[in-house]
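Working notes, structure below.
The values are calculated or read from the model by the stated rules, or taken from the named source; none is laboratory data. None of the values given here were measured: they were computed from a predicted structure. Don't worry about glycine lacking a Cβ; one is built from the backbone with ideal geometry, like all the others, and counts go over all protein chains shown. To get the accessible areas, we keep the full protein, side chains included, count just its heavy atoms, and leave off ligands, DNA and RNA. Shrake-Rupley method; radii C 1.70, N 1.55, O 1.52, S 1.80 Å.
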Amino acid sequence: MLKFTVSKSEIEKKISIASSAIGSRTVDPILQCLLFKPLNGHINIYATDLQTSVISQVQVGEYEGNDAFAVDAELVDDIVRNLPEDEVIFEYSNGKLLVRSGKAKYNITTVSDIERFPIVDTDESGVKFSVETSILEEMLDKVSFCASSESAMRALNGVYWEIHGGFLRLVASDGYRLGLAEQKLNLENEFDFIIALKSIKELEKLLSSTTEPVVNITYDHSLVSFNAGDVTIIVRTVEETFPDYKRVLPKAFKTRVILNLDDFSEALKRVMVISKRGNEKVQLKITDDLMELTSQSSDFGEAVESIPITKDGEDLIVNFNPKFLNEPLKHIDEKEIEFNFVDNLSPLQINPRNVGGYIYIVLPVRA
C-alpha cells in the first residue's frame, strides 16, 4: 500500500521530466513504465531506457505505506495533465492505482513484477565535481550540434568530456567540423569519457529547466550522474575511443581574417540560395581588405557577395560546404570573429575575436 497527496503542478512536472528518458522503441514493456518508490521521506519517480536513467524526486507532505508500483508512463502523464484540481491523491493497493482530483477518478492497472525494473545508480566512491549550471548549459550548446547524428558512428555520436590539467573540455565532431569548449575546474583528477547524443539532449533539458545554480557530477567509469536539486540523470558512458581531436587543431596560421559576424552571415545566406541548388560549395576569395563569396549551379547560375575584412597574412582562395560555416555562427556571441587559415586544404579555425573559451574547426572541400 502507498498513499500520498501532491499538487498537480509538482507531479505533472516530475512525471514529464522522468518520461523524457523513456525510449520510443522498447521490447520490454517494463521500460515503458515509470516506477514510483517511496524513499527517505519523498516519492521518487524512476525511468530508464537502459542508456539514460532519470530519478525525479516528488515533494509530498507525507505518505502512508512503503510499496512501490510501476505504471505506463504515457497513460499516467495523460491522466495527470487532464486533472481538474490542483490537489491530486495517489493511492496504490494490490496492483491497482487510484488517482483522484476533484470529481475525477481513475482506477488504473499497474505492471506486475516490478522487480524487473532496472534501477541504475552510481558508485558513491566515484570522482565528484561541480559545474555552474549556466556554464555547463552554454558549453553543451556551443559543441553538441557538431556531433554526428549517425548512431552507427558511436565514437562521434556524442560529446567527448575531457578533464585534464585543471580544465573541463567538451568536444564534438562529425568528421567534417569540430566544436571545442573549455572551462577551468578546481579538480586534480584526470579522466575522459563519451556521452551519447541522446543522453546529452536529456541533460540539456535538465539544465534548461532547473533553477539550481550548480550541477553536481559523479563519474565512476561506466556511469556518470548529474544532479540538480530534486532531479538526477544517470547515463552510461559510450565504450569507444574518441579520435585524437588535437591532431586537427591548427598549430600556426598563414592567414588571419577579422570580420563582422552579421556581415558574413548575411552574405553567406544569400550565396547559399544558389549553392543548395548546385554543388553545396561556397568559394571564399580573400584579398587585402575584401572577402568575396561565390557559389555556382550549372542549372541556376551564380551568386557573388563581397564583405569588408581585416587581413593579416597571405591572400587565399578556399572552398567550404556552407552549412558547416553557417552553423557555428549561430553559436558565437561576439560581433567580430576570426577566421584562421593554414592553407586551402587544411582545417579552418573559427573563433570569436577574444577567443572566449570555445573554437570551431571546419574542413575545406576541394575545388
Exercise for the section: May I ask you to verify whether Glu292 is farther than 19 Å from Ile361 by Cα and exposed (fewer than 15 other Cβ atoms within 10 Å of the Cβ)? Expected result: no
Fill in the blank from the handout: Only one of (1) open to solvent by 10 Å² or more (accessible area, probe 1.4 Å); (2) farther than 20 Å from Ser93 by Cα; (3) in contact with a strand residue (DSSP E or B) (Cβ under 9 Å, 6 or more places away or on another chain) does not apply to Ser24, and that is (3)
Problem - region 254-275, residues that are open to solvent by 40 Å² or more (accessible area, probe 1.4 Å) and hydrophobic (A, V, I, L, M, F, W, C) - result: Met272, Val273
Problem - Ile30 vs. criteria open to solvent by less than 10 Å² (accessible area, probe 1.4 Å), farther than 23 Å from Ser209 by Cα, in a helix (DSSP H, G or I) and not basic (Lys, Arg) - result: yes
Problem - Matching residues, region 53-70, being open to solvent by 50 Å² or more (accessible area, probe 1.4 Å) and either assigned to a loop (DSSP other than H, G, I, E, B) or not acidic (Asp, Glu) (or both) - result: Gln57, Gln59, Gly61, Glu62, Tyr63, Asn66, Asp67
Practice task
Output the number of residues of region 156-166 satisfying the condition of being over 20 Å from His331 (Cβ atoms) and open to solvent by 20 Å² or more (accessible area, probe 1.4 Å).
Solution key: 2
Completion exercise
The residue from Ile119, Ile108, Ile114 that alone is in contact with a strand residue (DSSP E or B) (Cβ under 8 Å, 6 or more places away or on another chain) and open to solvent by less than 40 Å² (accessible area, probe 1.4 Å) is Ile108
Practice task
Would you check if Glu292 is touching a strand residue (DSSP E or B) at 6+ places or on another chain (Cβ under 7 Å), under 15 Å from Asn340 (Cα atoms) and of a type outside the set (A, V, I, L, M, F, W, C)?
Solution key: no
Problem - Near pairs, Cβ below 6 angstrom, 6+ apart or cross-chain, from region 111-130 (farther than 23 Å from Lys37 by Cβ) to any residue that is open to solvent by 50 Å² or more (accessible area, probe 1.4 Å) and assigned to a strand (DSSP E or B) - result: Ser130/Val214; Ser130/Asn216
Practice task
List the number of the failed condition for Leu50; all other conditions in (1) open to solvent by 70 Å² or more (accessible area, probe 1.4 Å); (2) closer than 27 Å to Arg236 by Cα; (3) over 23 Å from the mean Cα position of the chain (by Cα) hold.
Solution key: (3)
Completion exercise
If we keep only residues of region 36-47 that are crowded, with 18+ Cβ neighbours inside 10 Å and of a type outside the set (D, E, K, R), then the residue nearest to Ser24 (Cα to Cα) is Ala47
Exercise for the section: Pull up region 73-96, narrow it to residues that are in a helix (DSSP H, G or I) and of a type in the set (Val, Ile, Thr), then point me to the one that is surrounded by the fewest Cβ atoms within 10 Å (Cβ to Cβ). Expected result: Ile79
Problem - Hey, Ile359 farther than 22 Å from Glu138 by Cα, hydrophobic (A, V, I, L, M, F, W, C), modelled with pLDDT of 95 or more and open to solvent by less than 50 Å² (accessible area, probe 1.4 Å) or not - result: no
Exercise for the section: Could you grab me the full set of residues in region 352-367 that are more than 15 Å from Lys251 (Cβ to Cβ) and in a strand (DSSP E or B)? Expected result: Pro352, Tyr358, Tyr360, Val362, Val365
Problem - Options Arg270, Arg277; residue that is without any contact (Cβ under 8 Å) to a residue 60 or more places away in the chain and assigned to a helix (DSSP H, G or I) - result: Arg270
Completion exercise
Among residues of region 193-204 being in contact with a helix residue (DSSP H, G or I) (Cβ under 9 Å, 6 or more places away or on another chain) and buried (at least 17 other Cβ atoms within 10 Å of the Cβ), the residue nearest to Ser20 (Cα to Cα) is Leu203
Exercise for the section: With the checklist (1) in contact with a strand residue (DSSP E or B) (Cβ under 7 Å, 6 or more places away or on another chain); (2) free of Cβ contacts under 8 Å to residues at least 40 places away in the same chain; (3) surrounded by fewer than 15 Cβ atoms within 10 Å (Cβ to Cβ); (4) closer than 27 Å to Ser149 by Cβ in hand, flag the one item Glu190 doesn't pass. Expected result: (4)
Practice task
Could you check Thr232 against (1) assigned to a helix (DSSP H, G or I); (2) surrounded by 18 or more Cβ atoms within 10 Å (Cβ to Cβ); (3) hydroxyl-bearing (Ser, Thr, Tyr) and say which number it fails?
Solution key: (1)
Completion exercise
Of the residues in region 250-267 that are out of contact with any strand residue (DSSP E or B) (no Cβ under 7 Å at 6 or more places or on another chain) and in a loop (DSSP other than H, G, I, E, B), the one that is modelled with the highest pLDDT is Ala252
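Of the residues Val60, Val27, which is without any contact (Cβ under 8 Å) to a residue 24 or more places away in the chain and among the β-branched types (Val, Ile, Thr)? Before the answer, list the steps.
Values: Val60 fails: without any contact (Cβ under 8 Å) to a residue 24 or more places away in the chain.
Exactly one residue qualifies, and that residue is Val27.
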